[in-house]
Amino acid sequence: MNMQAMLKQAQAMQKDMLKIKEEIDNTEFVGESSLVSVVLKGTKELVSVKINADSLDSDDVEALQDMIVVAVNQANKKIDDMMEKKMGKFGNIPGLF
């Protein structure tokens, strides 16, 4: 394969990777625990937190804080899984994203 063909292939791969990254960035991921639901963008930006106040007593604040952490981490894991699933086909390119 000549250099021009390799360069064109690399440019096409980069274009595909950027398209997938943009798709993931624009997707919303939900993480949930028993009292809390969070929504994150694919950029890992927290969009919303919803608390099921009907099930909450005033003594449950510490538990609620822990549940928010669990829900956010769950949504982040979904983002990482989607990124791996869609970007894994390109192999491991250090420093790309």
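Where does the charge balance sit around K86 when Lys and Arg score +1, Asp and Glu -1, over other residues with C-beta under 13 Å from its C-beta? Don't skip to the end; give the middle numbers.
Working: positive: K19, K21, K78, K85, K89; negative: D16, E22, E23, D25, D80, D81, E84.
Every neighbour counted, the sum reads -2.
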Residues with amide H under 5 Å of T27's amide H, sequence separation 5 or more or different chain, H placed in the peptide plane at 1.01 Å from N; which?
G42
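When a/c is below 1.5 the answer is rounded, else prolate if a/b is larger than b/c, else oblate, so apply that to the chain with a ≥ b ≥ c taken from the square roots of the Cα gyration tensor eigenvalues.
Details: a/c = 5.16, a/b = 3.84, b/c = 1.34.
Here the chain falls in the prolate category.
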Residue by residue, what Karplus-based ³J(HN,Hα) values in Hz, rounded to whole numbers, does the stretch 14-30 have, using 6.51, -1.76 and 1.60 with θ = phi - 60° and x for Gly and Pro?
4, 4, 5, 5, 5, 5, 5, 4, 5, 4, 5, 4, 8, 8, 9, 10, 10
Quick check: the angle from helix 61-87's long axis to the longest principal axis of the chain, C-alpha only, nearest 10 degrees?
20
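Going down the table (K19/K78; K8/K44; K15/K50; K8/K86; K8/K78; K50/K78), which pairs top 30 Å between alpha carbons?
Pairs exceeding 30 Å: K8/K44; K15/K50; K8/K78.
Where a number appears in this text, it was derived from the coordinates with a stated rule and is not lab data. Because the structure is a prediction, the values reported are computed rather than measured. FYI the Cβ positions are ideal-geometry reconstructions off the backbone, even for glycines, and counts take in every protein chain you see.
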